[in-house]
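First comes the structure, then the notes that go with it.
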Amino acid sequence: MEKKPRRFTKIPVFIVEEHNDVLHFVYRCLGSRHLPFEGNTLVHFDAHPDLTVPMKLPSTAICDKEKLLPSLSIENWIMPTCFAGHVSRIFWIRQDWAQQIPPGRHDFTVGEHNGHIHVDSELEYFISEGSFAPIECLKSQKSIELHVGTVEEILCGDVRPENFILDIDLDYFSTHNPFLNLHSEVNLYERLREIYSYTLDKTDLVTTVDRRVAQLDFLEGIFMHLQQSGNLEDFPAKDHPLFEPVKRLSDDISEKCTSSATIDWEIIHSAGCTLDTTQLPHHEATDAELRDSLATLKSFLMCHPPPTIITISRSTDDDYCPAHQVEDIQTALLDTLRDIYSESLAEPQLFYKED
């Protein structure tokens with residue numbers, strides 16, 4: 001029988017720069033038994049779901065913290081905790097301008113298939129990245145309950161989070177799409193949209209996913225080749241239908257860029273991977289909107305018992321949260337949390353480099 005979770009004297013607050021780094025502190029609290037080992041609820045205020053599945057990560061690495069944590073990134077840190085059983089209920093609380101997953105409740109299963117994590121969700125968010133697999137193919141299954149909505153939509157629902165991890169990304173309040181203006185002189189973003197587009201056949205999801213994975217594998221390979229060699233002269237798969245569009249794009253970028261050393265082809269591939277039916281949100285909030293967002297967050301938290309821990313990510317080094325706003329947003333958020341939890345809130349612990 002699992003021992004009863006311990007309780008913090010005051011709610012700890014951990015602030016990091018890159019969002020996946022919050023897992024270090026979640027795992028620390030799991031190890032100290034301040035969080036139960038299984039079945040936690042994650043309340044996730046963010047402009048992005050962060051529910052991408054790390055497709056290259058072997059499922060055996062999920063139970064090895066030393067291998068797992070360095071392998072994750074900002075978009076895929078949540079699903080491994082679900083596969084491990086640590087989190088079973090997620091509330092993605094979003095703004096109106098974040099539309100990557102439809103609002104409502106989405107129940108699905110996460111499990112192991114061919115040595116990697118997959119899900120049986122038919123949401124296009126998962127289809128487009130190639131992580132779907134039929135439930136009968138999944139081993140070590142875990143049931144996941146995902147609630148998506150704005151603060152108002154979640155408060156109107158019939159499910160309430162308890163004993164939860166409160167996770168807040170500062171780009172929830174104001175966010176940039178850092179890829180929008182990347183190599184705009186060659187219209188990069190729109191050209192990537194054509195290259196990375198795919199056809200969704202809802203009557204045959206397995207074939208759709210197989211084709212999508214093959215497409216993404218080819219594109220990853222060709223852009224990694226560019227990253228390493230700077231050109232496509234000796235690229236082996238020149239007969240692939242996508243070779244010529246990528247070749248034209250790479251030629252144009254190389255011609256327009258003053259030094260080939262400044263071209264980050266991996267970033268260009270990452271930008272392409274964000275393009276499916278919905279693109280990354282881009283909404284730099286006004287001061288009035290920031291005040292409204294803080295007020296609605298406060299109204300949500302006042303309706304629920306205090307969280308077990310609070311994690312905050314700044315997300316400004318990669319330009320998701322605007323750099324000229326991040327300090328003011330962080331200060332206002334901490335003031336709001338102190339106002340809600342008063343003496344029950346510990347002083348925030350900072351795990352990022354201050355300017």
Within straight-line cross-link reach of LYS238, lysines at Cα separation under 17 Å, skipping those fewer than 8 residues along the same chain: LYS247
Two-decimal ratio, segment 140-179, of alpha-carbon radius of gyration to 2.2 N^0.38 Å: 1.57
Candidate values (1) 35, 25, 19; (2) 52, 32, 15; (3) 46, 22, 17, label of the one derived for semi-axes √(5λ) of the Cα gyration tensor in Å: (1)
Angle between the chain longest axis and helix 205-229 axis [Cα atoms, degrees, rounded to 10]: 70
Cα gyration tensor category, rounded, prolate or oblate, for segment 206-355 with a/c compared to 1.5: prolate
Relative contact order of the chain, defined on C-alpha pairs under 8 angstrom at six or more residues apart (%): 27
Inter-probe distance in nm under a simple model that places probes 7 Å from Cα toward Cβ, at GLU194 and ASP239: 2.5
Among beta bridges that DSSP assigns inside the chain, antiparallel share in %, nearest 5: 30
Chain lengthening between THR278 and LEU180 when straightened (0.36 nm per residue, less Cα-Cα): 33.9 nm
Hydrodynamic radius by Kirkwood, which averages 1/r over all alpha carbon pairs of segment 280-348, in angstrom: 13.3
Computed lengthening from ASP287 to CYS63, 0.36 nm per intervening residue step minus Cα-Cα distance: 76.3 nm
For segment 231-274: rounded, prolate or oblate by the Cα gyration tensor [a/c cutoff 1.5]: oblate
In degrees, nearest ten, helix 287-302 long axis to first principal axis of the chain (Cα): 50
Rh by Kirkwood over Cα pairs, then Stokes-Einstein D for segment 136-272 at 1.567 mPa s and 4 °C, µm²/s: 69
Using alpha-carbon coordinates, inclination of helix 243-256 to the longest axis of the chain, degrees: 80
Estimated distance in nm for a label pair at ARG28 and THR296, the labels positioned 7 Å out from Cα along Cα-to-Cβ: 3.2
26 Å Cα-Cα threshold exceeded, pairs from LYS4/LYS142; LYS67/LYS142; LYS67/LYS139; LYS67/LYS202; LYS4/LYS65; LYS4/LYS298: LYS67/LYS202; LYS4/LYS298
Where labels lie 7 Å past Cα in the beta-carbon direction, separation of GLU255 and ARG338 in nm: 5.7
Surface share of carbon and sulfur [accessible, 1.4 angstrom probe, percent] for the chain: 48
Gain upon complete extension [ARG6, CYS303; 0.36 nm per residue less C-alpha separation]: 104.6 nm
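The values are calculated or read from the model by the stated rules, or taken from the named source; none is laboratory data. Computed from a predicted structure; not experimentally measured. Don't worry about glycine lacking a Cβ; one is built from the backbone with ideal geometry, like all the others, and counts go over all protein chains shown. Just so you know, the surface numbers come from the protein's heavy atoms only, side chains and all, with ligands and any DNA or RNA stripped out. Shrake-Rupley method; radii C 1.70, N 1.55, O 1.52, S 1.80 Å.
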